[in-house]
Every structure is written in structure tokens, then in C-alpha cells.
Amino acid sequence: MTITRSNPLHHPRYPRSNGYDPQWVIENQMGPNPLWLIEALTDVVEIRPGMRVLDLGCGTALTSIFLAKEFGAQVWATDLWIEASANLERIRAADLEDFVVPIHAEAHVLPFAGGCFDAIVSVDAYHYFGTDDLYLGYMTHFLKEGAQLAMVAPGLASEIGSKIPEELIPFWAWDFCSFHSPAWWRDHWEKTGKVHVDVADSIEDGWKDWLGFSEIKLPLATDRGKKAATDEVAMLRIDKGKHFGFSRVVATKS
Ligand SMILES: C[S@@+](CC[C@H](N)C(=O)[O-])C[C@H]1O[C@@H](n2cnc3c(N)ncnc32)[C@H](O)[C@@H]1O
């Protein structure tokens, strides 16, 4: 796959992401553009040089590389589906071996000491495991006092319960039930008493970015992935941000 246009991923809202090779991003993406999402997250959570950051569900570690390169953070790039050795190759190629440690782990069995992170971030992954009422308590165990947990995930503008909007029925997948609104996430986290929620909102025009990136990827979809990719584009075009977007949530350990 070769991208020929100068930078099809150039985005005025995400100046840091514009500095990355679009071919590298497209080849390693596992969903909506992870660099735009982590940049949107770092707009509302402070990452400083030397901070110890857990990037949970990092996939191919693009977001971990971003955090190390842009902010000088020490990142534990942790994921289940992607082998640590595959991520190590990408980390080495980015010359960030001293900053990013690849870890293969399941989110409920993390091999870290309690209180060891200054921040935990999660991009397009937390909804796979974090909707469990008890998960936040487990997660905050790994944070220092006063440290932040920050996540961005596909979400809804508001909760729909079991009433799938008529126009989305042809595209609806059962696991969209893990997509929740910012208000849902705020309540889900605050009711534990373990954190104070600092931010719970939807990323501005997130659906447009999701659609734009999906349109760019569409011609590159494999035969097997073509239908899902086509449906995703059609669904986002019909919805026009009425329901779908990205929920962004940041909280401080109490
Ligand atoms: C859609 S991908 C996103 C990857 C990456 N954050 C990105 O934005 O490109 C979701 C990621 O969540 C991770 N994940 C899902 N369930 C997990 C679990 N139980 N423990 C650890 N990681 C998990 C998967 O391994 C996968 O890489």
C-alpha cells in the first residue's frame, strides 16, 4: 500500500499528528486514527517529561510512541492482541527503546506494582474491558495518589438503551452496546468514589474525523474487510454525528 497524496491525514486541529508519516499511521492503524485521538486526549491531560505512563490497550503502540516523542514520557505500551515483540520492532524503528516498554498483558491481570504510574491513558480500547462496574477500582490501584486516568473511546452523544435508531439498524453490531455517552462514563466512574472526574465530553467533530479517516482507509480494505469498512462509512454518513462520536473522559485519583 502506498499513499501518494502529500499528506491525506493533515488536520488543522492536530498539529502534532501532522508530523507523522501517513503511510506509517495507515499501515499500523486498528481503528479510527489513534494519533488524532491521543492528541485530543493530551489537550486535556498534562503529560510531562519523565512521567511514568501506562498506555493500556495500545494496539500497535502508535500512541505510546507519540507520548514518548511529543512529551518525553516513559511509557509502558500494554496490549493483548498485539505481541510485545512486534511492538518492540516499531519502538526500535522510532528510536525510542529507552522510553517505551512493550508489554503483552490482559487488562485484568496487569504485571505492575500498585501506585506505580503518574498517568494511565487508553485510546479506543477502554470500552472493551472498562464498562465493568468494578474495573475502575482495579485500575486506580496502579495510579499514584492524585494521578490521572484518561481515556477516549467510540461513544454515543446520549444513551439509547435498547432502542437502536431506525436508520442505524442495518449497520448496528451487537458490541456497539459498549459505546457510551460522556455523561454515562462520568457517572460510571464517579459512583465508585475512587476518582474525581475532571473532563467528560465528546471530542469536537469527532464523528467527522472518524468518517474522514474511514473514507481514506476504505480503498485499502482487504476483500475480507471490505463490507465492514463500507458499512462503517455508510453508517457515519447517515448518522452525521447525531449519535456516534468519541467520548473523552479524564479523572483524578481521589
Ligand atoms: C481497536 S484496538 C485499538 C488499539 C490502539 N489503542 C489504537 O487506537 O490503535 C483495541 C485494542 O484494545 C486491546 N484490548 C482489548 N481488550 C483487551 C484486554 N482485555 N486487555 C488488554 N488489551 C485489550 C486490544 O488488544 C486492541 O489492541
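The values are calculated or read from the model by the stated rules, or taken from the named source; none is laboratory data. Fair warning: this is a prediction, and the values are worked out from it, not measured in the lab. Virtual Cβ from ideal backbone geometry, glycine too; neighbours counted across all protein chains shown. For the accessible areas, the whole protein counts, side chains as well, though only heavy atoms, and no ligand, DNA or RNA atoms are used. Shrake-Rupley method; radii C 1.70, N 1.55, O 1.52, S 1.80 Å.
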(request) Please turn the phi angles of region 227-234 into ³J(HN,Hα) values with the Karplus equation 6.51 cos²θ - 1.76 cosθ + 1.60 (θ = phi - 60°), one per residue in order, whole Hz, x for glycine and proline. (result) 5, 4, 5, 5, 4, 4, 4, 4
(message) Across region 131-254, what fraction of all alpha-carbon pairs, as a whole percent, falls in each successive 5 Å bin from zero upward?
(response) 2, 11, 19, 19, 16, 12, 10, 8, 3, 0
(request) Give me the percent of the accessible area of the chain that comes from carbon and sulfur atoms, probe 1.4 Å, all protein chains in place. (result) 53
(request) Note down the relative contact order for the chain as a percent, whole number, built from C-alpha pairs under 8 angstrom at least six residues apart. (result) 19
(message) Please report the antiparallel percentage of the DSSP beta bridges confined to the chain, to the nearest 5.
(response) 45
(request) Quick one: which residues, 5 or more positions from residue 115 or on another chain, have an amide H under 5 Å from its amide H? H modelled 1.01 Å from N in the peptide plane, none for Pro or chain starts. (result) 142, 143
(request) Return the loop-located trypsin sites (Lys or Arg not before Pro) in region 125-213 (DSSP other than H, G, I, E, B) with at most 16 other Cβ atoms within 10 Å of their own Cβ; answer none if there are none. (result) 163, 191
(request) Would you please give the residues with an amide H less than 5 Å from that of residue 131, counting only those at least 5 places away or on a separate chain, with H modeled from the backbone geometry? (result) none
(request) Calculate one ³J(HN,Hα) per residue across region 22-34 by plugging θ = phi - 60° into the Karplus curve 6.51 cos²θ - 1.76 cosθ + 1.60, and present them in order as whole Hz with x for glycine and proline. (result) x, 5, 4, 5, 5, 5, 9, 5, 10, x, x, 3, x
(message) Quick query: amide H of residue 179 versus all other amide H atoms, modeled in the peptide plane; which residues come in under 5 Å with a sequence gap of 5 or more or a different chain?
(response) none
(request) Go from 0 up to the bin containing the longest alpha carbon distance in region 85-143, width 5 Å each, and give me the % of pairs per bin. (result) 4, 15, 21, 25, 18, 12, 5, 1
(message) Run the helix sum for the chain: -39,500 (n - 2.57) per DSSP H stretch of 4+ residues, divided by residue count, reported at 222 nm to the nearest 500 deg cm²/dmol.
(response) -9000 deg cm²/dmol
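Give me the 1.4 Å probe accessible area per residue for region 85-171, excluding ligands and nucleic acids, in Å².
Here the per-residue accessible area is 47 Å².
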(request) Could you bin all the Cα-Cα distances of the chain into 10 Å bins starting at 0 and give me the percent of pairs in each, rounded to whole numbers? (result) 7, 31, 37, 21, 4, 0
(message) At 1.4 Å probe radius, can you tell me the per residue accessible area of region 178-233 in Å²?
(response) 52
(request) Would you list, by chain and number, the lysines whose Cα falls below 29 Å from the Cα of residue 69, excluding same-chain residues fewer than 8 positions away? (result) 144, 208, 217, 253
